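The values are calculated or read from the model by the stated rules, or taken from the named source; none is laboratory data. Keep in mind the model is a prediction, meaning the values are calculated, not measured. Glycine gets a Cβ as well: all are built from the backbone with ideal geometry, and neighbour counts include every protein chain shown.
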Amino acid sequence: MSRRILVSLLALACADVEATTSPQQEIAVARPEKNTAIRSEKITGGGGLNLTIYDAGSAGAPAIVFIHGFSQNFMTWDAQFRGLADRYHVTAYDFRGHGASEKPLDPAKYTDSNLWADDLAALIRARNLRRPVLVGWSYGGFVIADYLRKYGDANLGGLVFVGAITKNGTQEAAGHLTPEVLAIFGDVLSNDVRTGMTATRKLTRMFAGHDAQQWEVAFGSAMMVAPEIRQAMFSRILDNDDVLARVRVPTLVVQGANDALVQMASAQHIAKTIPGAKLLVYDKAGHAPHLEAPARFNRDIAEFVKQGR
């Protein structure tokens, strides 16, 4: 394992389910609180790769795009789909190599910033979203930056970074991560099944271990992503300060005070670099505020979208 990969990493997001989808298929997401009909569709993303996208709510409502994290999928946003679809057009997608999207093993499919940007742009076009708010968790911070670098923010309504980092592959980037995650991440990327599974179990417990069901989904989702894909994703050398400094849309940075993966320094850096960004700290949450405090998170997202319109 190269030092470049070991020194740079991030975190992930929660979700699973290899959804078998066809255009406009509806998935029943059954929960005690509310059932939400989620529409799913296959679209063509960057470089011709097939992606699975999801949406719920009215197409005429203000749009929110939820972007999951490393080795996860759209299911990490279940509580947001349930809690916000009655007022917003809620959308999400499975990353390339994740969930129900296509999973080529060629590293080049995961190391090109343009491809990640084009994937997100394809979703926005497919759903004809006008000035959507982008909400990126963990690795989703990289994807937002990829999009901004290629497409800018003129057509966006706002940005939300959640437990995110925007640097990778350098000593500075490693300083935005906790010693605990740095200690195991090389094993998370391992090709050895036992080593990778053991480390991934530890990793997912660091952000989803507070809830047995959420941890099972997070761990299962992560194990769906091949080591070759994981390694390629973290082989990128990234420093997005130049992109962040040019942001002109409203921006919210959400960070859990007890995040076991990403240091508070990362959130502070993002908030400081983006002009006018607001930092919101969840005192009792860790790396996944949207999982650990979904009611508050949904209220904060709704208020942010409302203020930005």
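Just for helices (runs of 4 or more DSSP H) wholly inside the stretch 148-264: which have at least 3 residues that are farther than 21 Å from SER113 by Cα? Full working, then the answer.
Working: elements: 171-174, 179-188, 193-208, 212-223, 227-233, 241-245.
Result: 179-188, 193-208, 212-223.
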Pick from the stretch 167-194 the residues that are closer than 20 Å to ILE229 by Cβ and among the polar types (S, T, N, Q): which of them is farthest from the chain's Cα centre (by Cα)?
ASN191
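To keep it simple, each residue is scored yes or no on (1) buried (at least 20 other Cβ atoms within 10 Å of the Cβ); (2) in contact (Cβ under 8 Å) with a residue 24 or more places away in the chain; (3) of a type in the set (A, V, I, L, M).
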{"site": "ARG201", "(1), (2), (3)": "no, no, no"}
{"site": "THR204", "(1), (2), (3)": "yes, yes, no"}
{"site": "HIS210", "(1), (2), (3)": "no, yes, no"}
{"site": "GLY220", "(1), (2), (3)": "no, yes, no"}
{"site": "ALA226", "(1), (2), (3)": "no, yes, yes"}
{"site": "ILE229", "(1), (2), (3)": "yes, yes, yes"}
{"site": "ASP239", "(1), (2), (3)": "no, yes, no"}
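Name the one entry in GLY97, GLY57 that is within 23 Å of LEU203 (Cα to Cα), buried (at least 22 other Cβ atoms within 10 Å of the Cβ) and not aromatic (Phe, Trp, Tyr).
On the way: GLY57 fails: within 23 Å of LEU203 (Cα to Cα).
Answer to the selection: GLY97.
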Could you go through the stretch 112-129 and let me know if any residue there is within 19 Å of PHE304 (Cβ to Cβ), out of contact with any helix residue (DSSP H, G or I) (no Cβ under 6 Å at 6 or more places or on another chain) and aliphatic (A, V, I, L, M).
yes
Can you go through ALA285, ALA271 and tell me which one is more than 30 Å from ASP192 (Cα to Cα), modelled with pLDDT of 95 or more and assigned to a helix (DSSP H, G or I)?
ALA271
Within the stretch 289-309, the residues that are hydrophobic (A, V, I, L, M, F, W, C) and over 26 Å from ALA245 (Cβ atoms) are LEU291, ALA293, ALA295, PHE297, ALA302
Search the stretch 246-286 for residues being in contact (Cβ under 8 Å) with a residue 12 or more places away in the chain and charged (D, E, K, R), and hand back the single one that is surrounded by the most Cβ atoms within 10 Å (Cβ to Cβ).
ASP259
On the given criteria, is ASP153 in contact with a helix residue (DSSP H, G or I) (Cβ under 6 Å, 6 or more places away or on another chain) and either polar (S, T, N, Q) or farther than 23 Å from TYR282 by Cβ (or both)?
no
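For the stretch 254-288, name all the residues that are over 24 Å from ASP241 (Cα atoms) and not aliphatic (A, V, I, L, M).
The first filter runs over the stretch 254-288 and keeps only residues over 24 Å from ASP241 (Cα atoms), leaving 258, 282-286.
Passing the criteria: ASN258, TYR282, ASP283, LYS284, GLY286.
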